[in-house]
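What follows is a single structure, written as structure tokens, with notes after it.
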Amino acid sequence: MAIRTILYGYKVKDGKTIIHKEESDVVKKVFSLYLEGKTLKDIADMLIADNVIYFQGEAKWNKNTISRMLENDKYMGNDVYPMIISFELFNKAREIRDKKSCKHTKQPMEIELLREITICGKCGSRYKRVNTWGSREKWMCSNGCG
């Protein structure tokens, strides 16, 4: 499986990284759609529906590709890459991503102490606390023992 060797939105000409006009328009569109409230999957699906080529003649887009694009500060320009996205636009997208992200909250001290002293009777690995059932929780072996 081949991978892109240069960031989407750019190309190399005469040994220098320059803006690829068509791809840079897509980068701008991705940021704009995200700021309008579209989800990562919505944006990927729109690009696929419009048959926007990502790599090697294929319109292979997914939410992870879009996410990496929105997180990549090289689009604001640096020593190698010319600017495609303004600082303001990039930071607005980052603010939205931060608001949507799941921030891990610090566990109560009692939970942390339990995590340190509970071990599996079968394999000796530590137990982990799983809290996926709303108000219920479960402690399970981190090795997956039954």
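Worth a mention:
- As a fraction of the 1.4 Å probe accessible area of the chain, surface on carbon and sulfur atoms comes out at 52 percent.
- Contact order relative to length of the chain, as percent, for alpha carbon pairs under 8 angstrom and 6 or more apart: 14
- Taking θ as phi - 60° and the Karplus parameters 6.51, -1.76 and 1.60, the scalar couplings of the range 115-122 work out to 4, 6, 9, 8, 9, 6, x, 8 Hz in sequence order, x denoting glycine and proline.
- The mean accessible area for residues of the range 24-146, using a 1.4 Å probe and ignoring ligands and nucleic acids, is 69 Å² per residue.
- For the range 71-90 and the range 21-61, distance of Cα centres in Å: 17
- In this structure, the amide hydrogen of K128, modeled 1.01 Å from its nitrogen in the peptide plane, lies closer than 5 angstrom to those of M140, C141, S142, counting only residues at least 5 positions away or on a different chain.
- Calculated mean residue ellipticity at 222 nm for the chain: -12000 deg cm²/dmol, from DSSP H runs with n ≥ 4 weighted as -39500 (n - 2.57), summed, divided by the residue count and rounded to 500.
The values are calculated or read from the model by the stated rules, or taken from the named source; none is laboratory data. Here the structure is a predicted model, which means the values were calculated and not measured. Side chains are part of the model used for accessible areas, which takes the heavy atoms of the whole protein and leaves out ligands, DNA and RNA. Shrake-Rupley method; radii C 1.70, N 1.55, O 1.52, S 1.80 Å.
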